[in-house]
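Notes to accompany the following structure.
The values are calculated or read from the model by the stated rules, or taken from the named source; none is laboratory data. Treat the numbers as computed from the prediction; the structure is a model and nothing was measured. Please note: Cβ atoms are built from the backbone with ideal geometry, for glycine as well, and neighbour counts cover all protein chains shown. What goes into the accessible areas is simple: the full protein's heavy atoms, side chains included, and nothing from ligands, DNA or RNA. Shrake-Rupley method; radii C 1.70, N 1.55, O 1.52, S 1.80 Å.
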Amino acid sequence: MAAVVVTVVGCSSSESSGSTADSAKVGGCLDGIKGATVDVKAGSVDCSSDKAVYKIAQTVDKKGACSTDYTEAGAAGGSAFLCLVPNFKQGSCYSENPASGFKPVDCGAAEATFRVVKRVDGEADELLCGQDADSFRLIAAAPKTTYCLAKPKV
């Protein structure tokens with residue numbers, strides 16, 4: 001099976017209300033996005049948690065300012081925007097939805113889109129993936145992280 005390299009890109013953005021961007025810290029993690037908006041206070045989780053799907057790579061003050069390497073999400077009533085990268089865990093499965101982003105799921109679930117077979121921090125090189133990555137590879141550019149992905153197994 002041929003491998004396809006997928007880079008997380010996108011600048012789907014919208015503004016949200018209800019929380020302040022002050023609680024959005026670069027390097028912090030979130031448990032997901034809802035239609036490209038983030039409730040920072042409700043969504044902040046420890047980065048080692050299985051629920052920590054996104055890491056905040058950068059905060060910007062205007063819509064569309066995130067690099068295309070990031071998923072952009074609005075926060076703090078539109079006063080700030082978060083540039084997010086995936087924070088997938090090795091051995092875990094996720095579903096991917098264009099409207100709501102990624103979420104962790106059981107590998108046997110019908111909604112499971114992919115499984116992370118290998119995670120390499122500090123390097124962005126698809127050649128680090130072995131034969132277990134039979135579906136596709138995902139490389140986040142900054143912070144450099146290589147995710148070797150495969151079809152979920154039951």
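Data overview
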| quantity | calculated |
| --- | --- |
| Evaluation of Cys83 against (1) part of a strand (DSSP E or B); (2) hydrophobic (A, V, I, L, M, F, W, C); (3) open to solvent by 50 Å² or more (accessible area, probe 1.4 Å) (one fails), failing number | (3) |
| The one condition in (1) open to solvent by 50 Å² or more (accessible area, probe 1.4 Å); (2) at pLDDT 90 or above; (3) among the hydroxyl-bearing types (Ser, Thr, Tyr); (4) within 17 Å of Leu149 (Cβ to Cβ) that Ser48 fails to fulfil | (4) |
| Among (1) buried (at least 16 other Cβ atoms within 10 Å of the Cβ); (2) within 16 Å of the chain's Cα centre (by Cα); (3) of a type in the set (Ser, Thr, Tyr), the one test that Ser135 misses | (2) |
| Qualifying residue in the range 103-123 (condition: in contact (Cβ under 8 Å) with a residue 60 or more places away in the chain, under 21 Å from Asp31 (Cα atoms), surrounded by 15 or more Cβ atoms within 10 Å (Cβ to Cβ) and under 12 Å from the mean Cα position of the chain (by Cα)) | yes |
